[in-house]
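The values are calculated or read from the model by the stated rules, or taken from the named source; none is laboratory data. Just so it is clear, the model here is predicted, and its values are computed rather than measured. Because the Cβ atoms are built from the backbone with ideal geometry, glycine has one as well, and the counts that use them run over all protein chains shown. Accessible surface is based on the protein model in full, side chains and every heavy atom, while ligands, DNA and RNA are left aside. Shrake-Rupley method; radii C 1.70, N 1.55, O 1.52, S 1.80 Å.
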Amino acid sequence: MSVAKTYDIALVPGDGIGPDVTKAAWAVAEAAAARDGFALTATTYPWSCNYYLETGRMMPEDGIETLRGHDAILLGAVGWPATVPDSVSLHGLLLPIRKAFDQYANIRPHRLLPGVEGPLKSETFDILCIRENTEGEYSGAGGRVHQGTADEVAVETAIFTRTGVERILRFAFEAAKGRRGRVASVTKSNAQKHSMVFWDEITRLVAADYPDVEVTSYHIDAMAARMVMAPETLDVVVASNLFGDILTDLGAAIQGGLGFAASANVNPTRSAPSMFEPVHGSAPDIAGKGLANPLAAIWSAAMMLDHLGEGQASARILRAMEAATARGFGIRPGAQTTDAITDAVLTAINEE
Ligand code: IPM
Ligand code: MN
């Protein structure tokens, strides 16, 4: 008798709509696993802004070590600015996980699901944004002096290392090989003459190892325009932490909104677990109403299964999501409840 393969997942539902969408994503992941003959087990950690109010920390001191033992992390949302400043909650939970586990590739797909009306004329785009996730403009290096005086100075230093830049570019070229073979490398070397000239140099260096991948460098401002005017010309887009952060909200907008934007924070070396999360955040305005769109979290769970080597189950979830949206579920904000959209995806999984 063979024993079904089991993956041990850490669930961090977090704040606001996080718990609702995590529950939905988990139900869908379990249904797909059952169809494909493997098992998932969950350990839920209540780390959140409420946890902070009770304990003074966003996660326990050994939180990172606790998570390290899992195969992957599925996260809902972090942040509840009415009670805990974002600078505290994010630096106490989400960002330390990305950094401690060296999840250097933040992968965000942008395309329209069937039936979803985007704001653009173009409907055929399929973009994979690869955002550097551990250094660059969000390294956290810097400080403030003469605080509170008229002479106050704040310095935030962007740090680009050869290792960091080369590995994210390599990751993007590898991703392009499995897609349409095109990389757009996002730069600003006309104005940032140190870091972005360095980025361009390493783009050329890595490109030499991928003769079959076509690479073009675009300045960040021109890329923002291109994603609106001609998104169908893009395949893999690779960018630094700040540039990628901004472009992926733009990507979410052109795919119909943050309700559809999924993400994976991946450690490609697998020396530590990767983390999967919807891009949307805790959405205080709709929290507790049961109206959050679970599709971004469900898509993120599909990316998790793919990362774990269960490509078939991952593809199954994507097909089910597409079947649900084609039937009108989850395509307009607030038109159905979180549960109704989740049920539509589950139905599609089970009727295949
Ligand atoms: C994201 C978010 C985070 C980021 C914030 C909340 C720190 O905007 O995942 O895109 O910038 O990484
Ligand atoms: Mn962001």
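Normalised by 2.2 N^0.38 Å, where N is the number of residues, the C-alpha radius of gyration of the range 187-327 stands at 1.22. Across all directions, the average projected area of the convex hull around the alpha carbons of the range 1-78 is 5.6 nm². Taking the accessible area of the range 1-160, probe 1.4 Å, and keeping the other protein chains in place, the carbon and sulfur fraction comes to 52%. Taking N as the number of residues in the range 305-352, what is its alpha-carbon radius of gyration divided by 2.2 N^0.38 Å? Ratio of Cα Rg to 2.2 N^0.38 Å: 1.20. For the range 86-104, the residues whose backbone nitrogen is under 14 Å from a point 7 Å from the Cα of ILE64, taken along Cα to Cβ, are 91-104. For the range 8-47, the percent of C-alpha pairs falling in each 5 Å distance bin, counted from 0 to the bin holding the largest distance, reads 6, 24, 29, 22, 13, 5, 1. So what is the relative contact order of the range 126-226, in percent, for Cα pairs below 8 Å that sit 6 or more residues apart? That works out to 23 percent.
Model label sites at LEU95 and THR43, defined 7 Å from Cα along the beta-carbon direction, differ in position by 2.7 nm. When Lys and Arg each count +1 and Asp and Glu each count -1, what net charge do the other residues less than 14 Å away from TYR138, Cβ to Cβ, add up to? Surrounding charge for TYR138 is -3.
Legend: P(r) of the range 158-254 from all alpha carbon pair distances, 10 Å bins from 0, whole percents, reading 16, 52, 30, 2.
The GluC sites (Glu not before Pro) found in the range 1-79 that occupy coil by DSSP, while having at most 15 further C-beta atoms within 10 Å, are GLU61. The convex hull built on the alpha-carbon positions of the range 241-308 has an orientation-averaged projected area of 5.5 nm². Put the Cα centre of the range 194-239 next to the Cα centre of the range 64-83 and the gap is 31 Å. Convex hull volume per residue, computed on the Cα atoms of the range 32-114, equals 157 Å³. Modelled this way, with points 7 Å down the Cα-to-C-beta line, the labels at ALA315 and MET229 are 3.7 nm from one another. Rg/Rh, computed from the Cα trace of the range 67-225 with Rh as the Kirkwood radius, has the value 1.01. In the context of the full set of protein chains, residues of the chain present 43 Å² of accessible surface per residue (probe radius 1.4 Å, heavy atoms only). If you wrap the Cα atoms of the range 84-142 in a convex hull and average its projected area over all directions, you get 6.4 nm². Once you have all Cα-Cα distances for the chain, histogram them in 10 Å bins from zero and send the whole-percent values. Histogram of Cα-Cα distances, whole percents per bin: 5, 24, 33, 26, 10, 1, 0, 0. Under conditions of 37 °C and 0.692 mPa s, the range 203-252 yields 276 µm² s⁻¹ as its translational diffusion coefficient, taking Rh as the Kirkwood radius over Cα pairs in the Stokes-Einstein equation. How high is the relative contact order of the chain? Use alpha-carbon pairs under 8 Å, at least six apart in sequence, and give a whole percent. Relative contact order comes out at 24 percent.
In this Cβ point-charge picture (+1 for Lys and Arg, -1 for Asp and Glu), the range 1-85 has a dipole of about 180 debye about its Cα centre. Computed from label points 7 Å out along Cα-Cβ, the spacing between ASP343 and ILE159 is 5.1 nm. Once the gyration tensor of the Cα atoms in the range 142-190 is diagonalised, the equivalent ellipsoid follows with semi-axes of 39, 11, 8 Å, ordered largest first. What does a probe at LEU250 reach in the range 213-236, counting residues whose amide N is under 20 Å from the point 7 Å along Cα→Cβ? So the set is 215-236. Relative contact order of the range 46-151: 21 percent, from C-alpha pairs under 8 Å at least 6 residues apart in sequence.
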